[in-house]
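Note sheet for the following structure.
The values are calculated or read from the model by the stated rules, or taken from the named source; none is laboratory data. Computed from a predicted structure; not experimentally measured. In this analysis, Cβ positions are derived from the backbone assuming ideal geometry, glycine residues included, and neighbour counts consider all displayed protein chains.
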Amino acid sequence: MIKIDSGDFFLTEPTYAYAEQIKEYRQEFLDAGCSMNGCGPLRKYENPLDYISECEKYKSPETVPAGYVAATQFLYIRKTDDRLVGMIQIRHYLSEYLAKYAGHIGFSIRPSEQRKGYGTSMLRAALLYCPEIGLDKILISCDEGNPGSEKTILNNGGVYESTVFEEEKDRGIKRFWVTV
């Protein structure tokens, strides 16, 4: 079990202790009509225990579901009230799709906790883990028109590379590199 301390918060892998909060986190995104970036397969799992089990499979190239890459999923927990504030996924390597559009890291902050600077501190903590899996140069992307995510990436040393257009989803995606 990986746990990364980050001052008033910590990153931890999904566990059964947070099952109810994972369920509430998912529902908050569904109610707000927001995408669940950085949550791995959360959207398709109503039962949080199934989600937690699926996250375990992603941790190794031998067990990751077909068509996906090995990844470590983290919950971002506020210490004062033990509240799940965000989720971040670190992909251990890039597929062709990830290399073009999504990058090594996806992240989200629950809608009720956005615009408080939590994304910046969550990403900073997650970057500490990247060298442990052999990543020293990390690709992170965000949708054009998402100034919150762009600011989070820039605040963590992101250097803009390019904007690409993903035709399938009809959106522009800004690509940044962070060196750790």
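Quick notes on this one:
Quick grid of which residues meet (1) surrounded by fewer than 17 Cβ atoms within 10 Å (Cβ to Cβ); (2) out of contact with any His (no Cβ under 6 Å at 6 or more places or on another chain); (3) not aromatic (Phe, Trp, Tyr); (4) not in a loop (DSSP other than H, G, I, E, B):
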site: 57; (1), (2), (3), (4): yes, yes, yes, yes
site: 65; (1), (2), (3), (4): yes, yes, yes, no
site: 72; (1), (2), (3), (4): no, yes, yes, yes
site: 84; (1), (2), (3), (4): no, yes, yes, yes
site: 90; (1), (2), (3), (4): no, yes, yes, yes
site: 97; (1), (2), (3), (4): yes, yes, no, yes
site: 100; (1), (2), (3), (4): yes, yes, yes, yes
site: 107; (1), (2), (3), (4): no, yes, no, yes
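- Residues located in the stretch 95-118, provided they are more than 28 Å from residue 67 (Cα to Cα) and free of Cβ contacts under 8 Å to residues at least 40 places away in the same chain: 113, 114, 115, 116, 117
- Number of positions in the stretch 1-17 that are hydrophobic (A, V, I, L, M, F, W, C) and part of a strand (DSSP E or B): 4
- Screening residue 20 with (1) assigned to a loop (DSSP other than H, G, I, E, B); (2) more than 21 Å from residue 117 (Cα to Cα) gives one miss only, at (1).
- Selection within the stretch 140-171 - over 19 Å from residue 109 (Cα atoms) and in contact with a strand residue (DSSP E or B) (Cβ under 7 Å, 6 or more places away or on another chain): 157, 159, 160, 161, 162, 163, 164, 165, 166, 171
- Within the stretch 150-180, the set of residues being farther than 21 Å from residue 125 by Cα and either of a type in the set (Asp, Glu) or surrounded by 19 or more Cβ atoms within 10 Å (Cβ to Cβ) (or both) comprises 161, 166, 167, 168, 170, 173, 174.
- Within the stretch 32-55, the set of residues being surrounded by fewer than 17 Cβ atoms within 10 Å (Cβ to Cβ), among the hydrophobic types (A, V, I, L, M, F, W, C) and under 16 Å from residue 106 (Cβ atoms) comprises just one member, 34.
- Filter result for residue 79 (touching a Phe, Trp or Tyr at 6+ places or on another chain (Cβ under 7 Å), surrounded by fewer than 23 Cβ atoms within 10 Å (Cβ to Cβ), at pLDDT 95 or above and not aliphatic (A, V, I, L, M)): yes
- Residues located in the stretch 33-86, provided they are aliphatic (A, V, I, L, M) and touching a residue at least 40 places away in the same chain (Cβ under 8 Å): 36, 42, 75, 77, 84, 85
- Within the stretch 16-43, the set of residues being more than 16 Å from the chain's Cα centre (by Cα) and of a type outside the set (Gly, Ala, Ser) comprises 16, 18, 20, 21, 23, 24, 27, 28, 30, 31.
- Where a residue in the stretch 1-14 is of a type in the set (Asp, Glu) and its partner, wherever it lies, is part of a loop (DSSP other than H, G, I, E, B), with Cβ under 8 Å and at least six apart: 8/79; 8/80; 13/1; 13/2
- Scanning the stretch 31-55 for residues that are in a loop (DSSP other than H, G, I, E, B), over 12 Å from residue 90 (Cα atoms) and in contact with an Asp or Glu (Cβ under 9 Å, 6 or more places away or on another chain) returns 34, 35, 41, 45.
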